[in-house]
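To keep things clear, I will list the structure first and then write my remarks on it.
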Amino acid sequence: MSENRTIVTCPACDLRETFDSLGAAREAVEEHRVETGHDPTWELPQLAAGVQRAGNEAGVCGRPGCTDTDSPLYQGEEQ
């Protein structure tokens, strides 16, 4: 299986599907929630190092320890 695929699984049933695009995986997750009431999860492929760094600098993970407050990408604290 390709490392660039998103895997959607559901712990409440035997759902396990792989998708080449994040959009298709997101649609499948939402459709499964609506149809079954289950809460499926997804496993995302590894992001490029630059994307991970930008996300960390912007503070998207929500943890103070991984945010670079001196970065121009930093979004600041929610008020």
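Values in this text are rule-based calculations from the coordinates and carry no lab data. Bear in mind that the values here come from a model prediction, so they are computed numbers and not experimental data. Ideal geometry is used to build each Cβ from the backbone, glycine not excepted, and the neighbour counts take in all protein chains shown.
Key figures for this structure:
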item: Pairwise FRET efficiency - HIS38 versus LEU73, Cβ, R0 = 35 Å, nearest 0.05; result: 0.50
item: Ranked ARG16, ARG5, criterion: other C-beta atoms within 10 Å, fewest first; result: ARG16, ARG5
item: Charge context of ALA54, other residues only, Cβ under 15 angstrom, K/R +1, D/E -1; result: -2
